[in-house]
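Written below as structure tokens is the structure these notes are about.
What follows draws every value from the coordinates through simple rules; no lab data is involved. The model shown is predicted, which means the values in this text are computed figures rather than measured ones. FYI the Cβ positions are ideal-geometry reconstructions off the backbone, even for glycines, and counts take in every protein chain you see.
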Amino acid sequence: MSVTSFRLSEIQSLVAKKELKAEEVIRAYLERIEKQEPAVAAFISVEGEKALERARAVDRKREKGSLAGVPVAVKDNILIQGMRATCGSRILENFIAPYSATVIEKLAAEDAVFIGKTNLDEFGMGSSTESSAFFVTRNPWDLSRVPGGSSGGSAAAVAAGEAAAALGSDTGGSVRQPAAFCGVVGLKPTYGRVSRYGLVAYASSLDQIGPLTRTVEDCALLTKIISGPDGRDSTLADRPVPDFPKVMKETLGPFKAAHLKEALIEKIDPDVKDIYWKTVDGLRDLGGELIEIDFPSWEYALPCYYIIAASEASSNLARYDGVRYGFRDSDYGNLREMYINTRTRGFGEEVKRRILLGTFALSSGYYDAYYLKAARTRQMVSLEFERAFANVDYVVTPTAPEPAFPLGAKTDPLTMYLSDIFTVSANLAGLPGISVPCGLSREGLPIGLQIIGKHFQEDRLFQLAFLVEKKVEFKNNRNIINWKEEK
Amino acid sequence: MKSSIDIDHVCALAHLRLTEKEKEVLAPQLAEIVEWVGRLEELRLPMSSQGPDSHLPFSLVFRPDEARPSQPLETALANAPEKAGPFIKVPKVIEEK
């Protein structure tokens with residue numbers, strides 16, 4: 001088996017025992033990137049020299065961290081000091097991060113190696129990575145299809161074996177949906193579990209950083225490392241962080257999971273439906289009792305999400321005005337013109353659409369009818385989850401209503417927004433959600449199961465996801481291209 | 001909730017400019033999106049105001065208000081589009097009448 005198929009703990013253990021050099025691990029991954037990148041195009045920038053230098057430093061250390069030599073790809077809206085952070089936007093095309101995000105500092109402290117920055121929908125706004133200002137990323141399972149989004153580059157990099165693990169960010173499903181499309185594991189932690197210091201803000205009441213990995217165990221390990229206190233993010237809860245990889249393997253025992261009645265009447269691809277029901281039947285064999293519950297706010301969650309996310313985006317993105325950093329248009333007569341020309345030329349179409357929608361929803365005369373109404377709807381979604389979790393341990397849904405769709409298939413924005421139908425509710429309520437691969441469509445495309453849990457119960461999510469992973473024997477989730485080549 | 005979106009007004013508020021051609025595409029799209037999000041009107045909801053942190057199962061956490069070292073000047077200026085010595089250069093803020 002090649003180095004690029006090892007689990008994170010395998011890499012760490014070999015590097016720590018000096019049976020393998022971190023430098024060799026990184027070289028193997030860089031070779032793989034060179035081979036796969038022309039087809040997949042997951043990275044905006046590959047930082048080969050920096051990664052090798054860092055790997056050599058790890059090799060020289062006597063005491064090695066729990067991610068020694070592990071190559072991690074990072075979504076290009078998370079800052080790594082001295083590296084570009086473009087957010088997939090022209091407006092930040094030449095922006096060099098002046099400091100590192102907390103999650104990066106935490107991973108670096110455990111001797112992870114950052115191998116490059118991955119492509120995304122501009123500022124995280126999209127579900128296919130096609131709204132990146134630079135290029136489209138392709139799904140390694142079928143190069144004519146999207147990898148999902150907005151963390152499509154991170155998901156594709158892990159699926160193609162170009163990184164052992166990756167970080168993404170999830171505002172309405174941006175880690176879980178691409179994880180499902182690319183056949184990898186993706187977690188959106190509880191809001192308040194992981195520091196967002198150094199994550200470029202899109203919608204601050206929804207954004208969370210989360211890992212994308214080949215196995216549930218890898219996901220548990222990364223989550224353990226990136227979670228916990230920071231002091232630089234006031235939305236970070238002061239909660240103990242369990243030893244997720246250890247707890248994950250403890251016996252789960254009998255559990256109760258709920259379907260949402262309203263969710264299952266959505267337009268769902270027949271293959272997704274089929275695999276979903278098979279997986280759910282499998283949960284019964286694992287000791288699960290499945291019940292169906294009413295969730296009347298379900299159909300309002302998506303429009304509610306789009307009002308809140310767009311409103312917060314219009315406010316957060318007001319900072320890109322060409323004054324302090326980023327692109328400044330050279331053609332202007334006065335200050336106001338500089339703002340307008342910079343923003344007009346610097347932002348792409350989807351970003352403009354959301355800024356305009358958000359500006360409208362917050363504008364005088366419409367605030368009560370749109371933003372405030374959405375804020376109250378959000379409260380209703382939270383209350384319905386609370387009611388559900390009084391009776392069950394988990395809520396399960398498909399992660400996405402369909403498998404990866406062809407590039408260029410969704411030109412109408414509303415059709416694209418429907419891609420997030422199953423994922424946005426967890427963001428609205430601040431709940432943790434994981435996507436775990438649970439099967440393949442008839443065309444051979446991966447399908448994900450989403451498991452949503454109670455606040456701060458990621459440990460329970462990992463326990464069930466781990467069992468699902470074993471149960472479905474999704475053999476090719478470790479390195480799909482290798483697997484296909486070997487077959 | 002029948003509200004038509006005045007695209008020129010919203011563009012002015014957002015510091016964006018659209019060409020006529022872009023308006024032809026974006027205006028109907030936004031109208032459709034606004035109509036779609038307007039579905040929330042059907043809901044009967046309590047009138048209590050909900051802040052952006054109302055979904056949190058915990059209170060916001062603050063650290064003591066103590067001074068900490070900040071970015072050195074060179075770092076803070078490194079990404080500035082135009083500089084003049086230790087300053088960011090911008091066009092005149094107050095226009096002459």
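Can you classify the range A:338-487 as rounded, prolate or oblate using the Cα gyration tensor, where a ≥ b ≥ c are the square roots of its eigenvalues, rounded means a/c under 1.5, and otherwise it's prolate if a/b beats b/c and oblate if not? Don't skip to the end; give the middle numbers.
Numbers: a/c = 2.76, a/b = 1.35, b/c = 2.05.
It comes out oblate by the Cα gyration axes.
State, to one decimal in nm, how far the label point of A:Asp142 lies from the label point of A:Leu418, with both points 7 Å from Cα in the Cβ direction.
Simple spin-label model gives 1.8 nm for this pair.
Distance between the C-alpha centers of the range A:368-412 and the range A:224-272? Whole Å please.
Cα centroid to Cα centroid, the span is 15 Å.
Could you work out the Rg to Rh ratio of chain A, with Rh taken as the Kirkwood radius (inverse of the mean 1/r over all Cα pairs)? Walk me through the intermediate numbers first.
Numbers: Rg = 21.1 Å, Rh = 22.2 Å.
That ratio is 0.95, to two decimals.
Counting other C-beta atoms within 10 Å, which of A:Cys87, A:Cys219, B:Cys11 has the fewest, and how do the rest follow? Write out the running numbers ahead of the final one.
Details: A:Cys87 30, A:Cys219 33, B:Cys11 21.
In increasing order of surrounding Cβ atoms, one gets B:Cys11, A:Cys87, A:Cys219.
Can you classify the range A:254-395 as rounded, prolate or oblate using the Cα gyration tensor, where a ≥ b ≥ c are the square roots of its eigenvalues, rounded means a/c under 1.5, and otherwise it's prolate if a/b beats b/c and oblate if not?
Values: a/c = 3.44, a/b = 2.39, b/c = 1.44.
Judged from the Cα gyration tensor, the range A:254-395 comes out prolate (a/c at least 1.5, a/b above b/c).
Please sort by residue number the GluC sites (Glu not before Pro) in the range A:38-91 whose DSSP state is loop and whose Cβ has at most 15 other Cβ atoms within 10 Å.
Values: sites: A:Glu47, A:Glu49, A:Glu53, A:Glu63; in loops: A:Glu47, A:Glu63.
The qualifying sites are A:Glu63.
Counting other beta carbons within 10 Å of each Cβ, put A:Ser13, A:Ser128, A:Ser151, A:Ser144 in order, fewest first.
Numbers: A:Ser13 16, A:Ser128 29, A:Ser151 37, A:Ser144 11.
Fewest-to-most Cβ neighbours within 10 Å comes out as A:Ser144, A:Ser13, A:Ser128, A:Ser151.
If you count the DSSP beta bridges with both ends in the protein assembly as shown, what percent of them are antiparallel, to the nearest 5?
Values: 32 of 48 bridges.
So the antiparallel bridges amount to about 65 percent of the total.
Give the separation of the Cα centroids, the range A:1-54 to the range A:168-208, in Å.
Taking the Cα centre of each part, the range A:1-54 and the range A:168-208 sit 24 Å apart.
Can you tell me the orientation of helix B:20-37 relative to chain B, as the angle in degrees between its alpha-carbon axis and the longest Cα principal axis, to the nearest 10?
60
Given the rule -39500 (n - 2.57) for each run of at least 4 DSSP H residues, summed and divided by the residues of the protein assembly as shown, what is its mean residue ellipticity at 222 nm, to the nearest 500 deg cm²/dmol? Before the final figure, lay out the partial values.
Details: 20 runs with 222 residues, N = 584.
Calculated at 222 nm, the ellipticity per residue is -11500 deg cm²/dmol.
Over the range A:1-81, what number does the Rg to Rh ratio reach, with both radii from the alpha-carbon atoms and Rh per Kirkwood? Please list the in-between numbers first.
Numbers: Rg = 12.9 Å, Rh = 13.3 Å.
Checking Rg against Rh, the ratio lands at 0.97.
What is the sum of charges around A:Glu23, taking Lys and Arg as +1, Asp and Glu as -1, for the other residues whose C-beta is under 11 Å from the C-beta of A:Glu23? All intermediate terms of the calculation are to be shown ahead of the outcome.
Details: positive: A:Lys21, A:Arg27, A:Arg54, A:Arg56, A:Arg60; negative: A:Glu24, A:Glu53, A:Asp59.
Local net charge: +2.
Need one word for the range A:181-329: rounded, prolate or oblate. Basis is the Cα gyration tensor (sqrt eigenvalues a ≥ b ≥ c); a/c below 1.5 gives rounded, then a/b vs b/c decides. Show your work: numbers first, answer last.
Details: a/c = 2.23, a/b = 1.41, b/c = 1.58.
Verdict is oblate for the range A:181-329.
Going by how many other Cβ atoms sit within 10 Å of their own, how do B:Arg39, A:Arg84 line up, fewest first?
Numbers: B:Arg39 15, A:Arg84 18.
Going from least to most buried by this count: B:Arg39, A:Arg84.
What aspartates and glutamates could a cross-link reach from A:Lys35, if we take a straight Cα to Cα line under 18 Å and drop same-chain neighbours fewer than 8 places away?
Output for A:Lys35: A:Glu24, A:Glu47, A:Glu49, A:Asp142, A:Glu162, A:Glu485, A:Glu486.
Residues with amide H under 5 Å of A:Arg145's amide H, sequence separation 5 or more or different chain, H placed in the peptide plane at 1.01 Å from N; which?
A:Asn139, A:Leu407
Under a straight-distance cross-link criterion of Cα-Cα below 13 Å, which aspartates and glutamates are reachable from B:Lys92, leaving out those fewer than 8 residues away in the same chain?
Partners found: A:Glu337.
Please go through the range A:417-465 and write out the trypsin sites (Lys or Arg not before Pro) that DSSP classes as loop and that have at most 16 other C-beta atoms within 10 Å.
Working: sites: A:Arg442, A:Lys454, A:Arg460; in loops: A:Arg442, A:Lys454.
Sites meeting the loop and neighbour criteria: A:Arg442.
Can you pull out the trypsin sites (Lys or Arg not before Pro) in the range A:1-40 whose DSSP state is coil and whose Cβ has at most 16 other Cβ atoms within 10 Å?
Numbers: sites: A:Arg7, A:Lys17, A:Lys18, A:Lys21, A:Arg27, A:Arg32, A:Lys35; in loops: A:Arg7, A:Lys17, A:Lys18, A:Lys21.
The qualifying sites are A:Lys17, A:Lys18, A:Lys21.
With θ taken as phi - 60° and the coefficients 6.51, -1.76 and 1.60, list the Karplus ³J(HN,Hα) couplings across the range A:450-465 in order, rounded to whole Hz; mark glycine and proline as x.
Couplings: 9, 10, 9, x, 6, 3, 6, 10, 4, 4, 5, 4, 4, 4, 6, 4 Hz.
Over 30 Å between C-alpha atoms is what I'm after, so list which of A:Lys261/B:Lys23; A:Lys61/A:Lys117; A:Lys267/A:Lys454; A:Lys61/A:Lys470; A:Lys106/A:Lys352 land there. Mind showing how you got there, number by number?
Working: A:Lys261/B:Lys23 40 Å; A:Lys61/A:Lys117 25 Å; A:Lys267/A:Lys454 27 Å; A:Lys61/A:Lys470 36 Å; A:Lys106/A:Lys352 34 Å.
Pairs exceeding the cut-off: A:Lys261/B:Lys23; A:Lys61/A:Lys470; A:Lys106/A:Lys352.
Compute, for chain A, the length of the dipole vector about the Cα centre, with Cβ point charges of +1 (Lys, Arg) and -1 (Asp, Glu) only. Units Debye, rounded to 20.
On the way: 60 positive and 63 negative charges, 153 e Å.
Value, rounded to 20: 740 debye.
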